[in-house]
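One structure is given here, and the rest of the page talks about it.
Readers should treat all values here as calculations from the given coordinates under stated rules, not as data from a laboratory. Given the structure is predicted, the values throughout are model-derived calculations rather than measurements. Note that we place each Cβ from the backbone using ideal geometry, even for glycine, and neighbour counts take in every protein chain shown.
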Amino acid sequence: MRKKIALIGGGQIGQILAMIAAQKEMGDIVILDIPDYENPAKGKALDLMEMAPHVNYDANISGTSDYKDIEGSDIVIITAGKPREAGMTREDLLDINIKIITDVANGVKNHAPNAFCLVLTNPLDAMVYVFHKVTGFPKNQVLGMAGTLDTARFRSFLAMELGVSVVDIAGTVLGGHGPTMVPLPRLTTVGGVPLADIADQALIDRVVDRTRNAGTEIVKLFGKGSAFFSPAWSAIVIAESYLKDKRRVLSGAALCEGEYGINGYFIGVPVLISAKGVEKILEISLNDDEKAMLQTTMEKVKQTVAECNI
Ligand code: A3D
């Protein structure tokens, strides 16, 4: 039997997610949006069905605003919510998106209680916290997608600066999804060669800074709305690891219960994604500077979560 994928939110990211998931034959797809957007969701689903003969995929793709249609989903990917406009911080979205995430969490809790849930809505670390609180799902079943994108951005910028294939760059980014995030150049390698052996500090600093502000760079260029291709692909990578039990190690906002000295908060850490969902958080031996940066980003996440009053 095919897997079932529910996409809550059929906007910019949701529609790209649907297209990639169909092309990769990851399963049948339901795009759920609010009643006002039910017809566009149905239209996007039908458009994708009509693309299938050219790409040769078999998948049933449908649009809805009724949570009953997500019943039996293996995975639920949540992009419902407002994106940023130029000049806004992710935290500026809190008031509006907390209401949306609460609605979505209730819908998912009632209709897909066994699905692995991947949250993308911003401000990410707080929205995944709220989603987890409202659903009460086990911690392995809930993850925030941000670190996988932040790491992709870090790798892309390094590849551009160094003039090497992005495929050969291995590294990770920890922390909250915002300017306080913690890229880890010390542990980054290029085809097995330590980054510090082939890049000077000025280059590293430039890439770290660009990574921290990468979302804002795109928002400024768009004027309205935020990145969608790379966030969608980052979510697909996580979804595939779960659905196919690939056991990939990726950065994601997982509930820490003692790991990295953090208790009771979701924040970007390396996670092993298997058919069990978040099977494990992997702990890195950080140096003092890295620990201090993780502490700073944690304080920022705590502050945003406190504003949720949940
Ligand atoms: P957009 O194109 O506006 O799509 C959002 C969709 O959500 C729209 O179609 C809305 O109608 C729908 N929606 C609103 N309320 C509900 C609801 N209650 N139930 C179901 N659907 C609803 O935005 P987008 O796709 O560009 O971005 C979606 C979210 O992802 C935003 O909050 C962004 O800030 C966030 N985002 C996160 C990242 C990360 O890396 C974490 C990156 C980029 C964007």
message: Connecting C-alpha atoms closer than 10 Å in a GNM of the chain, tell me which of Pro113, Pro53, Pro194 has the biggest fluctuation.
response: Pro53
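Give, to the nearest whole percent, the P(r) tail of the stretch 103-247 beyond 20 angstrom, counting all Cα pairs. Write down the numbers at each step before the final one.
Values: 5576 of 10440 pairs.
Everything past 20 Å amounts to 53 percent.
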query: Taking Cα pairs under 8 Å and at least six residues apart, what relative contact order does the stretch 4-146 come out at, in percent?
result: 23
statement: Pseudo-spin-label distance Asp95 to Ser285, built 7 Å along Cα→Cβ, given in nm, is 4.8
- prompt: Any idea how far the Cα center of the stretch 276-310 sits from the one of the stretch 95-152, in Å?
  reply: 17
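Within the chain, which is the longest segment containing none of the GluC sites (Glu not before Pro) that sit in a DSSP loop and have at most 15 other Cβ atoms within 10 Å? Could you put the intermediate results ahead of the total?
Working: sites that count: Glu25, Glu71, Glu283.
No qualifying site falls inside 72-282, the longest such stretch.
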- prompt: Build a GNM of the chain with springs between Cα atoms under 10 Å: which of Gln15, Gln201, Gln295 gets the top mean-square fluctuation?
  reply: Gln201
- prompt: What is the spin-label model distance, in nm, from Gln303 to Asp103 if the labels are put 7 Å beyond Cα along the C-beta direction?
  reply: 3.0
- line: The size of the Cβ-based charge dipole (Lys, Arg +1; Asp, Glu -1) of the chain about the Cα centre, to the nearest 20 debye, is 280
- prompt: For Asp36 and Ser165 in one chain, what is 0.36 nm times their gap in residues minus the Cα-Cα distance, to one decimal in nm?
  reply: 42.1 nm
query: For the stretch 195-310, what is the relative contact order in percent, using Cα pairs closer than 8 Å and at least 6 residues apart in sequence?
result: 16
- prompt: Can you give the charge dipole size of the stretch 147-306 about its Cα centre, rounded to the nearest 20 debye, using +1 on the beta carbon of Lys and Arg and -1 on the beta carbon of Asp and Glu?
  reply: 560
- line: Given Cβ charges of +1 for Lys and Arg and -1 for Asp and Glu, the option among Ser65, Val173, Pro83 whose Cα lies farthest towards the positive end of the dipole of the stretch 31-176 is Val173
task: Rank Leu286, Ile218, Gly258 by how far each Cα sits towards the positive end of the charge dipole of the stretch 147-306 (+1 on Lys, Arg Cβ; -1 on Asp, Glu Cβ) and give me just the farthest.
output: Ile218
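Indicate the helices, whole DSSP H runs only, in the chain that combine a mean Kyte-Doolittle hydropathy of 0.0 or more with a Cα extent along their long axis of 18 angstrom or more. List each step's numbers first, then the result.
Working: long enough: 38-55 (26 Å, -0.42); 94-111 (25 Å, 0.13); 147-162 (22 Å, 0.24); 229-243 (21 Å, 1.03); 288-307 (29 Å, -0.93).
Those that pass (Cα extent of 18 Å or more, hydropathy at least 0.0) are 94-111, 147-162, 229-243.
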- prompt: So which residue, out of Arg206, Arg247, Arg155, gets the largest mean-square fluctuation from a GNM of the chain using Cα contacts under 10 Å as springs?
  reply: Arg206
field: Residue-averaged [θ]222 nm for the chain, counting only DSSP H segments that reach four residues, each worth -39500 (n - 2.57)
entry: -14000 deg cm²/dmol
- line: Semi-axes in Å, largest first, for the stretch 4-146 (Cα gyration tensor, √(5λ)) are 24, 17, 13
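Working out 0.36 nm times the residue gap between Asn56 and Ala202, then minus their Cα-Cα distance, what length gain in nm do you get to one decimal?
Working: separation 146, 0.36 × 146 = 52.56 nm, distance 4.73 nm.
Full extension of this stretch gives 47.8 nm more.
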field: Farthest positive-ward along the chain dipole, Cα basis, beta-carbon charges - from Gly192, Ser230, Leu17
entry: Leu17
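Among 165-173, 144-152, how do they line up by average Cβ neighbours within 10 Å per residue, starting with the highest?
Working: 165-173: 16.6, 144-152: 28.2.
The peptides rank, most packed first, as 144-152, 165-173.
With 37 Å as the cut-off, how large is the P(r) tail for the chain, expressed as percent of Cα-Cα pairs? List each step's numbers first, then the result.
Values: 5651 of 47895 pairs.
Percentage above 37 Å: 12.
Normalised by the residues of the chain, what does the relative contact order come to in percent, with Cα pairs under 8 Å and at least six apart? Show your work: numbers first, answer last.
Details: 629 pairs, mean separation 53.8, N = 310.
Contact order relative to length: 17 percent.
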